[in-house]
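Taking it in order: structure first as structure tokens, then the write-up.
The values are calculated or read from the model by the stated rules, or taken from the named source; none is laboratory data. Note that the structure is predicted; figures quoted are calculated from it, not measured. Using ideal geometry, Cβ is built from the backbone for each residue, glycine included, and neighbour counts are taken over all protein chains shown. To get the accessible areas, we keep the full protein, side chains included, count just its heavy atoms, and leave off ligands, DNA and RNA. Shrake-Rupley method; radii C 1.70, N 1.55, O 1.52, S 1.80 Å.
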Amino acid sequence: MNSKPLHVACIMDGNGRWARKRGLPRTAGHTAGEESLADVVRVASKRDVAYLTVFGFSTENWVRPRAEVRHILGLHKKLFGRISELNENNVRVNWIGRPFDEPGSRTPLYVQRAIRKAIEDTRSNTGMVLTVAFDYGSRSELTRAAKHLVASSDDLTPANLQRHLYDASLPPVDVLVRTSGESRISNFLLWQIKAANIYFTERPWPDFDSVDLDAAIALAKN
Ligand code: IPE
Ligand code: IPE
Ligand code: MG
């Protein structure tokens, strides 16, 4: 057993199925998922998790029905607006995803502002770093990194490519969680999960709790 600070990454899946099982609209599942995330952030910040990186919205998710996308965007505003909770837990907010000025970026201004404000308002916190992947896709990240590296005069090496990732300071992932019975990676952190343990659980994300989190952490520490 070691007590190295960990990087836990979560593919928060199964909101839709959680809602369907209860006869609720998918949007209710996303609302419950955001609340579950707030709980997980609080618990993780009290464990030896140094980095928690969560998949909030993928580059592939824009094709979902417009009303669902709008609802998910609103929930990100809510999530990034939880400043006092984040500060109470000494959590620093971070974001990875397609840069807002990049062609193809569709992140509306109000979400951009919420992201910028959360980063700014939590920047002096010294505890866990919560990175939200929003409009994130690993292939976009790696393609952009490769483009930037080729444009520089540096050698094409893994260490040099790493420097051009969206956030080069993110350490390797120790454990990758995917909820709701799927065993796919879905274009998440392909570079960073090189040596990660993978924790699959049947539970949908809205039901993911401290017991699951501790089981995932234990897997990383084995
Ligand atoms: C994950 O839940 C949330 C996002 C992808 C934004 P889903 O919406 O994918 O839920 P399922 O997979 O349909 O149950
Ligand atoms: C992955 O879940 C993306 C997020 C959790 C934000 P999806 O539900 O979109 O992934 P697929 O479509 O099942 O691979
Ligand atoms: Mg899904």
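Let me spell it out: the conditions are (1) within 16 Å of ligand 3 (Cβ to nearest atom); (2) part of a helix (DSSP H, G or I); (3) of a type in the set (D, E, K, R), and Asp13 meets all of them except one. Which number is the exception?
(2)
For region 84-107, how many residues are part of a helix (DSSP H, G or I) and open to solvent by 30 Å² or more (accessible area, probe 1.4 Å)? It would help to see each step written out before you state the result.
So the first thing to find is which residues in region 84-107 are part of a helix (DSSP H, G or I), and the list is 84-88.
So of that shortlist, the ones also open to solvent by 30 Å² or more (accessible area, probe 1.4 Å) come out as 84-85, 87-88.
So the answer is 4.
Which residues, counting only those in region 1-15, are crowded, with 20+ Cβ neighbours inside 10 Å and of a type outside the set (D, E, K, R)? Quick ask: steps written out before the conclusion?
Initial filter on region 1-15 (crowded, with 20+ Cβ neighbours inside 10 Å): 6-15.
The answer is Leu6, His7, Val8, Ala9, Cys10, Ile11, Met12, Gly14, Asn15.
Quick one: in region 187-208, of everything that is open to solvent by less than 40 Å² (accessible area, probe 1.4 Å) and assigned to a helix (DSSP H, G or I), which residue is farthest from Ala145 (Cα to Cα)?
Pro206
Which is among the β-branched types (Val, Ile, Thr) and touching a helix residue (DSSP H, G or I) at 6+ places or on another chain (Cβ under 8 Å), of Val8, Val63? Walk me through it before giving the result.
Values: Val63 fails: touching a helix residue (DSSP H, G or I) at 6+ places or on another chain (Cβ under 8 Å).
Answer to the check: Val8.
Here is a check on your reading of the model: is Gly23 farther than 19 Å from Asp212 by Cα and more than 12 Å from ligand 1 (Cβ to nearest atom)? Can you show your working first?
On the way: farther than 19 Å from Asp212 by Cα: yes; more than 12 Å from ligand 1 (Cβ to nearest atom): yes.
Taking the combined requirement at face value, the residue satisfies it.
Pairs only if they're at least six apart or on different chains, beta carbon under 9 angstrom, first in region 139-167 and assigned to a helix (DSSP H, G or I), second among the basic types (Lys, Arg) and at pLDDT 95 or above; list them, first residue then second.
Short answer, once both residue conditions are applied: Ser140/Arg98; Glu141/Arg98; Arg144/Arg98; Ala145/Arg163; His148/Arg163; Leu149/Arg163.
Tell me which residues, restricted to region 133-170, are touching a Ser or Thr at 6+ places or on another chain (Cβ under 8 Å) and under 24 Å from Gly81 (Cβ atoms).
Result: Ala133, Phe134, Asp135, Tyr136, Asp167, Leu170.
Every residue, every condition in (1) open to solvent by less than 70 Å² (accessible area, probe 1.4 Å); (2) part of a helix (DSSP H, G or I), yes or no:
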site	(1), (2)
Ala19	yes, yes
Glu35	no, yes
Ala38	yes, yes
Ser45	yes, yes
Tyr51	yes, no
Trp62	yes, yes
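Just need a number here: residues in region 209-222 that are out of contact with any Leu (no Cβ under 9 Å at 6 or more places or on another chain), not in a loop (DSSP other than H, G, I, E, B) and not acidic (Asp, Glu).
Start the filter on region 209-222 by keeping residues that are out of contact with any Leu (no Cβ under 9 Å at 6 or more places or on another chain), which leaves 209-215, 218-219, 222.
Next, only the ones that are not in a loop (DSSP other than H, G, I, E, B) stay: 210-215, 218-219.
So of that shortlist, the ones also not acidic (Asp, Glu) come out as 210-211, 213, 215, 218-219.
So the count comes out to 6.
Filter region 64-83 for residues that are free of Cβ contacts under 8 Å to residues at least 40 places away in the same chain and more than 16 Å from ligand 3 (Cβ to nearest atom); which is surrounded by the fewest Cβ atoms within 10 Å (Cβ to Cβ)?
Filtering region 64-83 for residues that are free of Cβ contacts under 8 Å to residues at least 40 places away in the same chain and more than 16 Å from ligand 3 (Cβ to nearest atom), the one surrounded by the fewest Cβ atoms within 10 Å (Cβ to Cβ) comes out as Arg66.
Given the criterion away from ligand 3 (no atom under 16 Å from the Cβ) and open to solvent by less than 70 Å² (accessible area, probe 1.4 Å), identify the matching residue among Val132, Val211, Val150, Val177.
Val132
Taking the condition of being touching a helix residue (DSSP H, G or I) at 6+ places or on another chain (Cβ under 7 Å), open to solvent by 10 Å² or more (accessible area, probe 1.4 Å) and part of a helix (DSSP H, G or I), how many residues in region 21-33 meet it?
Residues of region 21-33 touching a helix residue (DSSP H, G or I) at 6+ places or on another chain (Cβ under 7 Å): 25-33.
Subsequent filtering for residues that are open to solvent by 10 Å² or more (accessible area, probe 1.4 Å) retains 25-28, 30-32.
Now narrow it down to the ones that are part of a helix (DSSP H, G or I): 26-28, 30-32.
So the answer is 6.
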